[in-house]
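The values are calculated or read from the model by the stated rules, or taken from the named source; none is laboratory data. On a predicted model such as this, the values are computed, not experimentally measured, just so you know. Cβ coordinates were reconstructed from backbone atoms using ideal geometry, including for glycine residues, and neighbour counts include every protein chain displayed.
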Amino acid sequence: MKLTPREQESLLIHQAGYLAQKRLARGCRLNHPEAVALIACQIQEFIRNGDTVVQLMNKGQLLLGRKQVMHGVEDMIHDVQIEATFPDGTKLVTVSHPICRENGDLSLALYGSFLPIPDIDIFQKKEENDDRDSKVRRIIPGGAIPKKGVGSIIINEGRKRVALKIASVCDRPIQIGSHYHFIEVNKDLVFDRAKSYGMRLDIPAGNAVRFEPGEIKTVTLVEIGGGKIITGGNNLCNGPVIKKNLPEIMQRVADFGFGNEIQKDSYPTMPYKIPRFSYILNYGPTTGDKVRLGDTMLIIEIEKDFAVYGDECKFGGGKVLREGMGQASFRLSSQVLDTVITNCIIVDAVQGIVKADVGIKDGKICAIGKAGNPDVMEGVTPGMVVGVSTEVIAGEGHILTAGGIDTHIHFICPQLVRDAIASGMTTMIGGGTGPATGTKATTCSPGPHHIRFMIESTDGFPMNFGFTGKGNTTDFGKLSQSLVEQIEAGAIG
């Protein structure tokens, strides 16, 4: 029997799913991995029976109900995706919001397991017991709690605004992102381009406005921030926003056939307000919001947010971190970050509990603050410029904190590293030479030879290592040379 990696993973899903079925059959409410495993396992079985994708999408929502899972699990599982082989080829089945009923169909959930179907009332009693738990447990694990009394957040506050009527004469939809310089947009959009000079859409960062063929709509624009330097787009007005350059720019607009129509009427504008909960979903919690740490009883509060509302960094197709928008132009790799982690929560002994962008340069964290393009964004921290050489890690909804240090390691096998990383360790200190008797008894890598090969053998792992030499030796009246040579070989002690 030869099994492909995908088939081996399917067997693992089946094992986890069958374990979840056994627990469900005895009346145990399932946790997150158990619920996902059971749904995935059963979908695979129904595929084997010949069900279609549409049938499976419906069946996936019938297996479990809110009373069959622990509190909060239904909110943690947004989609379950299963890739499996159908008679006509491999397909991906997506079950959206699989736990959406009060009670699931236990005959479907336990189908094929030959386990007894429990009385549905047993889950009702367990739910009543859970309702007597602390109020903290009623918060979704890892969920955010918006600050009380603050219903919405004003973005791009204090900036000049203008409302323009836009008409699309294109034969296909046109979509404009939040930070795209509006004067540079598609030539088939007709509006007063002179009034849009130095402006962009007044919408949440990373959002977009879509113009359908023949559609006419009024949009609000807001002035760009930072140094107010325009680059990119259709190259109509590269350079600083200076009013005396406008006649030359408008001549280029006419020469290149860009839609333009003077707007005599003025329309009222209002600051854009985004509901606080929507802000949390898009950019993570902000100042005053609280977060439950996993399924623990611990709750943290964001003390400071380095973001400028409306100028957040968002990565993706049509979003913020693009040339001339959130990504600065004309910057060499030495002038920009190597990597930026956007909008993450930082829990740190020195910084406190803050939300910020994190800049990485030459393999080390070089700055914490607001990243982006200082040419068009407000409040960009010095040294945190994003350029074409910058990689992006989306940190929204994630916590960044210091990794753990384990100072007593017997380096018996490389599998230790995998378990350490999964436990949050980033530094391992100890000794050994592999599966040797001395390694099982001590945390020492004796001698330059073993120290060298231990350093070489761990070079490929994403982990910090420190190896200790063997120190049980002495010399009369002076430092033992056998200790010196181990330190010189790379031992940390």
Any idea how many residues of the range 432-458 are within 41 Å of the chain's Cα centre (by Cα), crowded, with 17+ Cβ neighbours inside 10 Å and over 15 Å from Ile412 (Cβ atoms)?
-> 1
The number of residues in the range 128-150 that are assigned to a loop (DSSP other than H, G, I, E, B), at pLDDT 65 or above and either closer than 24 Å to Arg101 by Cβ or not aliphatic (A, V, I, L, M) (or both) is 9
Do you know which of the residues in the range 230-285 that are small (Gly, Ala, Ser) and surrounded by 12 or more Cβ atoms within 10 Å (Cβ to Cβ) is nearest to Lys217 (Cα to Cα)?
-> Gly259
The number of residues in the range 289-317 that are assigned to a loop (DSSP other than H, G, I, E, B) and buried (at least 17 other Cβ atoms within 10 Å of the Cβ) is 13
Filter result for Ser152 (more than 19 Å from Val219 (Cα to Cα), among the hydroxyl-bearing types (Ser, Thr, Tyr), in contact with a Pro (Cβ under 8 Å, 6 or more places away or on another chain) and in contact (Cβ under 8 Å) with a residue 24 or more places away in the chain) | yes
Which residue out of Thr407, Thr433 is in a strand (DSSP E or B) and of a type in the set (S, T, N, Q)?
-> Thr407
Taking the range 335-350 on its own, how many of its residues are of a type outside the set (Gly, Ala, Ser), in contact (Cβ under 8 Å) with a residue 40 or more places away in the chain and out of contact with any Asp or Glu (no Cβ under 9 Å at 6 or more places or on another chain)?
-> 6
Search the range 81-114 for residues being without any contact (Cβ under 8 Å) to a residue 24 or more places away in the chain and in a loop (DSSP other than H, G, I, E, B), and hand back the single one that is farthest from Arg29 (Cα to Cα).
-> Asp88
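Rundown of residues vs (1) on the phi < 0 side of the Ramachandran plot; (2) modelled with pLDDT of 95 or more; (3) basic (Lys, Arg), yes/no style:
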residue: Ile216; (1), (2), (3): yes, yes, no
residue: Thr220; (1), (2), (3): yes, yes, no
residue: Ile224; (1), (2), (3): yes, yes, no
residue: Ile229; (1), (2), (3): yes, yes, no
residue: Asn235; (1), (2), (3): no, no, no
residue: Asn238; (1), (2), (3): yes, no, no
residue: Lys243; (1), (2), (3): yes, no, yes
residue: Leu246; (1), (2), (3): yes, yes, no
residue: Ile249; (1), (2), (3): yes, yes, no
Can Val320 be described as modelled with pLDDT of 95 or more, assigned to a loop (DSSP other than H, G, I, E, B) and within 19 Å of the chain's Cα centre (by Cα)?
-> yes
Output the number of the condition that Gly294 fails; it satisfies all remaining conditions of (1) without any contact (Cβ under 8 Å) to a residue 60 or more places away in the chain; (2) on the phi > 0 side of the Ramachandran plot.
-> (1)
Residue selected from the range 444-473 under the condition hydrophobic (A, V, I, L, M, F, W, C), in a helix (DSSP H, G or I) and in contact (Cβ under 8 Å) with a residue 24 or more places away in the chain, by the criterion farthest from Arg418 (Cα to Cα) = Ile451
Of the conditions (1) buried (at least 19 other Cβ atoms within 10 Å of the Cβ); (2) touching a Gly at 6+ places or on another chain (Cβ under 8 Å); (3) more than 22 Å from Ile122 (Cα to Cα), Leu64 clears all except one; give me its number.
-> (3)
Those residues of the range 371-397 which are surrounded by 20 or more Cβ atoms within 10 Å (Cβ to Cβ) and among the polar types (S, T, N, Q) amount to Asn373, Thr390
Some residue of the range 475-492 being crowded, with 17+ Cβ neighbours inside 10 Å and under 24 Å from Ile365 (Cα atoms) = no
Per the filter on the range 46-65, residues out of contact with any Leu (no Cβ under 9 Å at 6 or more places or on another chain) and either more than 14 Å from Ala109 (Cα to Cα) or at pLDDT below 95 (or both) are Arg48, Asn49, Gly50, Asp51, Thr52, Val54, Gln55, Met57
Any residue in the range 233-245 that's closer than 15 Å to Phe182 by Cβ: show its pairings with residues that are among the hydrophobic types (A, V, I, L, M, F, W, C) and part of a loop (DSSP other than H, G, I, E, B) at Cβ separation under 9 Å, as long as the two are six or more apart or on different chains.
-> Gly233/Val185; Asn234/Val185; Asn234/Phe256; Asn234/Phe258; Leu236/Phe256; Leu236/Phe258; Val241/Ile224
Go through the range 19-42 residue by residue and tally those that are surrounded by fewer than 16 Cβ atoms within 10 Å (Cβ to Cβ) and closer than 24 Å to Thr52 by Cα.
-> 0
Mind checking which residues of the range 203-235 are among the acidic types (Asp, Glu) and more than 18 Å from Gly372 (Cα to Cα)?
-> Glu212, Glu215
Could you figure out which of (1) modelled with pLDDT under 95; (2) over 32 Å from the mean Cα position of the chain (by Cα); (3) surrounded by 13 or more Cβ atoms within 10 Å (Cβ to Cβ) isn't true of Lys125?
-> (3)
Scope the range 380-433; condition free of Cβ contacts under 8 Å to residues at least 60 places away in the same chain and closer than 21 Å to Glu323 by Cα; matching residues = Pro382, Gly383, Met384, Val385, Ser389, Glu391, Ile393
Complete set of residues in the range 151-189 that are in a strand (DSSP E or B), surrounded by 14 or more Cβ atoms within 10 Å (Cβ to Cβ) and aliphatic (A, V, I, L, M) = Ile153, Val162, Ala163, Leu164, Ile166, Ala167, Ile174, Ile176, Leu189
